[in-house]
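For reference, the structure is listed below as structure tokens.
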Amino acid sequence: MFSRIAVRNFSKSAIMANAIKNVTVIGSGLMGGGVAQTFTFRLAAQTGHNVVMVDVDDGVLSKAHERISTSMKRVAKKKFGDSQEEANKFVSDSLSRLTTSTDSTASVKNADLVVEAIVENIDIKQKLFKQLDEAAPEHTIFASNTSSLSIQKIAQNVKRKDRFGGLHFFNPVPVMKLLEVIRIPETSQATIDSMLAWGKAMGKVTVQCKDTPGFIVNRLLVPYQGEALRMYERGDASIKDIDTAMKLGTGYPMGPFELSDYVGLDTLLFIIEGWAKDYPDEPLFKVPESLRKLVSEGKLGVKSGEGFYKYNK
Ligand SMILES: CC(=O)CC(=O)SCCNC(=O)CCNC(=O)[C@H](O)C(C)(C)COP(=O)(O)OP(=O)(O)OC[C@H]1O[C@@H](n2cnc3c(N)ncnc32)[C@H](O)[C@@H]1OP(=O)(O)O
Ligand SMILES: NC(=O)C1=CN([C@@H]2O[C@H](COP(=O)(O)OP(=O)(O)OC[C@H]3O[C@@H](n4cnc5c(N)ncnc54)[C@H](O)[C@@H]3O)[C@@H](O)[C@H]2O)C=CC1
């Protein structure tokens, strides 16, 4: 009985995921590159899908493509250890379904799903989606990977609000199993079902959430990171000891300072500043001064070579 239900559920999601043949990922930095990598890897097993990876910066696109290609070769070597021929075929078949573009509007002309992962700026996201709304076919589903902005605000200038939602991935995307699926009041059930099915087809475990600040994970995680910074600022414990305590005391893979460096201190500051502005009475959204100082000094974490810790670039 259980297995019959499972089979029925699987085939329902497989059918819905199958309706999505062409996916466009806009923004190919840390997150978009990871999203495109995940989609390309999964698509290799499901013929007929195509991924377009878009960025305004040609250099970012070539780097992302190179990273995907290197990872793909590594995976192929593991998968087809003794057959170089099969490994090469796997890599070339997969990469033949991945194209790159610097033209956002042209890239959505055949898209069934668009995942936006551009800079965390409401004006730029709104402007992009307005252009995409005019260029994409009527059935295309739009999703934002925003960490902290309101999906409703991002969708403000878009007519297809019933085909708009959030698909929030986690860093590093190919490794982290979770995908948050976010609805706005106008999002249709068919859109949510397609997004859930797509997430599952991409190997993710999905959870659903309303369009509230930080959705599930960041609403809990960002205040925790803020509290760790305030604990350090008060002099209650050192950065290293707080990280050690949370790793060994709770089993987290990274302590709050390591994780902040990993996510990017500029990204973290941007999230907290935005919420502090919108919710001035919420003490958990207060901006920690030590965070502001590091960002003003250009110390952004792993990506800049220094944050709370130093890294070899
Ligand atoms: C800000 C937001 O909006 C939301 C967010 O993203 S919040 C941040 C969420 N992310 C986290 O909390 C990450 C916490 N950290 C971790 O889970 C782990 O430390 C980690 C997965 C990053 C690294 O784990 P680790 O075991 O120390 O790393 P490592 O042994 O190097 O790698 C494990 C595997 O992951 C792979 N991997 C690691 N980083 C990767 C990346 N960036 N891309 C692709 N693969 C990666 C490695 O290749 C390795 O694969 P194999 O086992 O096939 O060789
Ligand atoms: N950094 C993180 O850990 C996470 C970030 N996010 C969200 O993902 C989104 C992207 O973040 P990151 O990848 O970290 O940023 P990033 O800075 O690494 O990448 C953003 C990319 O978007 C490109 N871009 C900017 N404007 C564009 C436009 N109009 N059209 C096409 N490309 C454009 C930039 O050239 C850059 O390559 C943000 O909304 C962020 O909040 C979500 C989960 C985790």
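What follows is calculated from the coordinates using simple rules that are stated; it is not laboratory data. No experiment lies behind these values; they were computed from the predicted model shown. FYI the Cβ positions are ideal-geometry reconstructions off the backbone, even for glycines, and counts take in every protein chain you see.
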- Task: Tell me the label-point distance for the pair CYS209, SER296, using the 7 Å Cα-to-Cβ offset, in nm and rounded to one decimal.
- Result: 3.1
- Where does each of HIS168, HIS65 land when they are ranked from fewest to most other beta-carbon atoms within 10 angstrom? HIS65, HIS168
- Query: Which of THR102, GLY264, MET53 sits closest to the plus end of the dipole of the chain, meaning its Cα is farthest towards the positive end, when Lys and Arg get +1 and Asp and Glu get -1 on the C-beta?
  - Reply: MET53
- Using modelled amide H (1.01 Å from N, peptide plane; none on Pro or chain starts), what sits under 5 Å from the amide H of LEU98, excluding residues fewer than 5 places away? VAL51
- Just add up the charged neighbours of LYS63: K/R +1, D/E -1, any other residue whose Cβ is under 12 Å from the Cβ of LYS63. -3
- Unit charges at the beta carbon, dipole of the stretch 179-234: most positive-side option, THR187, TYR232, GLY203: TYR232
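Using 1/(1 + (r/R0)^6) with R0 = 30 angstrom and r between the beta carbons of LYS109 and SER83, what's the FRET efficiency to the nearest 0.05?
0.20
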- Item | Whole-Hz ³J(HN,Hα) from phi, Karplus 6.51 cos²θ - 1.76 cosθ + 1.60, for the stretch 236-244, glycine and proline x | 6, 7, 7, 4, 5, 6, 5, 4, 4
- Residue-normalised 222 nm signal for the chain, counting each DSSP H run of n ≥ 4 as -39,500 (n - 2.57), nearest 500 deg cm²/dmol, is -16000 deg cm²/dmol
- Within the stretch 49-65, what residues put their amide N at less than 14 Å from the label point 7 Å along the Cα-to-Cβ vector of GLN131? 54-58
- Task: Determine ³J(HN,Hα), in whole Hz, for all residues of the stretch 278-289 in sequence, where each value follows from phi through the Karplus function 6.51 cos²θ - 1.76 cosθ + 1.60 and θ = phi - 60°; x replaces Gly and Pro.
- Result: 7, 10, x, 8, 8, x, 5, 9, 6, 7, x, 4
- Classified through the alpha carbon gyration tensor (a ≥ b ≥ c as square roots of its eigenvalues; rounded if a/c is under 1.5, else prolate when a/b is larger than b/c, else oblate), the stretch 164-244 comes out oblate
- Task: Would you calculate the separation in nanometres between label points at ARG230 and TYR311, each defined as 7 Å from the Cα along the Cα-to-beta-carbon direction?
- Result: 2.7
- Message: Suppose every Lys and Arg Cβ carries +1 and every Asp and Glu Cβ carries -1, with no other charges. What dipole size does the stretch 218-304 come out with about its Cα centre, to the nearest 20 debye?
- Response: 120
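Compute the length gained on full extension between ILE124 and ASP241: take 0.36 nm times their separation in residues and subtract their Cα-Cα distance, giving the result in nm to one decimal.
Full extension of this stretch gives 38.2 nm more.
Which peptide among 30-41, 275-286, 235-246, 130-141 comes first, and what is the full order, when sorted by highest mean count of other Cβ atoms within 10 Å?
Taking the mean over residues of other Cβ atoms within 10 Å, the ranking is 30-41, 130-141, 235-246, 275-286.
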- Item | Added length on full extension, which subtracts the Cα-Cα distance from 0.36 nm per residue, ASN171 to LYS21 | 51.5 nm
- Anisotropy class of the stretch 43-131 from Cα gyration tensor, a/c 1.5 cut: prolate
- DSSP bridge pairs, the chain: antiparallel proportion in percent, nearest 5: 20
- Inter-probe distance in nm under a simple model that places probes 7 Å from Cα toward Cβ, at ASP193 and SER62: 4.6
- To the nearest 20 debye, what is the magnitude of the charge dipole of the stretch 153-264 about its Cα centre, counting +1 on the Cβ of each Lys and Arg and -1 on the Cβ of each Asp and Glu? 560
- Task: Starting from the Cα of LYS153, step 7 Å toward the Cβ, then list every residue of the stretch 247-275 with an amide N under 17 Å from that point.
- Result: 267-275
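Can you classify the stretch 147-281 as rounded, prolate or oblate using the Cα gyration tensor, where a ≥ b ≥ c are the square roots of its eigenvalues, rounded means a/c under 1.5, and otherwise it's prolate if a/b beats b/c and oblate if not?
It comes out oblate by the Cα gyration axes.
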- Query: Scaled to the compact-protein estimate 2.2 N^0.38 Å, what is the alpha-carbon radius of gyration of the stretch 2-210, rounded to two decimal places?
  - Reply: 1.00
- Query: From the backbone phi of the stretch 304-313, what are the Karplus-calculated ³J(HN,Hα) couplings (6.51 cos²θ - 1.76 cosθ + 1.60, θ = phi - 60°) in whole Hz, Gly and Pro given as x?
  - Reply: 9, x, 7, x, 6, 10, 9, 10, 7, 7
- For the chain, the dipole about the Cα centre with charges only on Cβ (Lys and Arg +1, Asp and Glu -1), to the nearest 20 debye, works out at 920
- Message: Among PHE308, GLY81, LEU248, whose Cα projects farthest towards the positive end of the dipole of the chain, with charges put on the beta-carbon of Lys, Arg (+1) and Asp, Glu (-1)?
- Response: GLY81
